[in-house]
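Undergrad: Got a structure for you, written out below as structure tokens; questions coming shortly.
The values are calculated or read from the model by the stated rules, or taken from the named source; none is laboratory data. The structure displayed is predicted, hence computed values, not measured ones. No Cβ is skipped: glycine too gets one built from the backbone with ideal geometry, and neighbour counts run over all protein chains shown.
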């Protein structure tokens, strides 16, 4: 099968389970922001971060792939999604990010006021700051879906992830 299907030439794309929607649909915007976050986390991973940073990014990317599926369905397909055994965010995933953030805070990072991304000269930290801003946008896009996302944990998870990315950036700066 070719990646060049030509099925999107008319400005539509498919959700999971084949439902067609406009490429400008809010659900596609949300999935796209999550995909962009996943991609920039790949840049962070390839930029030479610490082993701890790479481990945390790997877990986040794993969660984001599942989250894109969860957001990429219509509410009426939630039961079918669950029957297929696809991943759904729950409280344990939020707690996992909170534990990682607390671990970073326990390092005694020193910061005050707003960070100036890139000012410390760390490419990894600058990419993490970009990831944080994309994460915030993904959170806003998911919030725009209102009740159109099954899990109550999606926006809480994204909120925690953006906090953790901020802490990872400060850690990468050595502050």
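Undergrad: Quick check, is residue 100 closer than 26 Å to residue 21 by Cβ and modelled with pLDDT of 95 or more? Spell out how you get there, then give the answer.
TA: Numbers: closer than 26 Å to residue 21 by Cβ: no; modelled with pLDDT of 95 or more: yes.
Here the answer is no, as residue 100 does not meet what is asked.
Undergrad: Please go through the range 73-97 and give me each residue that is modelled with pLDDT of 95 or more and within 15 Å of the chain's Cα centre (by Cα), ordered by number.
TA: Within the range 73-97, 93, 94, 96, 97 meet the criteria.
Undergrad: Would you confirm whether or not the range 104-112 contains a residue that is assigned to a helix (DSSP H, G or I) and under 21 Å from residue 165 (Cβ atoms)?
TA: Yes, there is a match, as at least one residue in the range 104-112 is assigned to a helix (DSSP H, G or I) and under 21 Å from residue 165 (Cβ atoms).
Undergrad: Now a separate question. What's the total number of residues in the range 86-103 that are in contact with a helix residue (DSSP H, G or I) (Cβ under 9 Å, 6 or more places away or on another chain) and outside any helix (DSSP H, G or I)?
TA: Total meeting the criteria: 4.
Undergrad: I'd like to know if the range 153-161 contains one or more residues that are part of a loop (DSSP other than H, G, I, E, B), modelled with pLDDT under 95 and over 22 Å from residue 99 (Cβ atoms). Walk me through it before giving the result.
TA: Initially, the range 153-161 is screened for residues part of a loop (DSSP other than H, G, I, E, B), giving 153.
So of that shortlist, the ones also modelled with pLDDT under 95 come out as 153.
From the residues that got through so far, the ones that are over 22 Å from residue 99 (Cβ atoms) too are none.
For the range 153-161, residues part of a loop (DSSP other than H, G, I, E, B), modelled with pLDDT under 95 and over 22 Å from residue 99 (Cβ atoms): absent.
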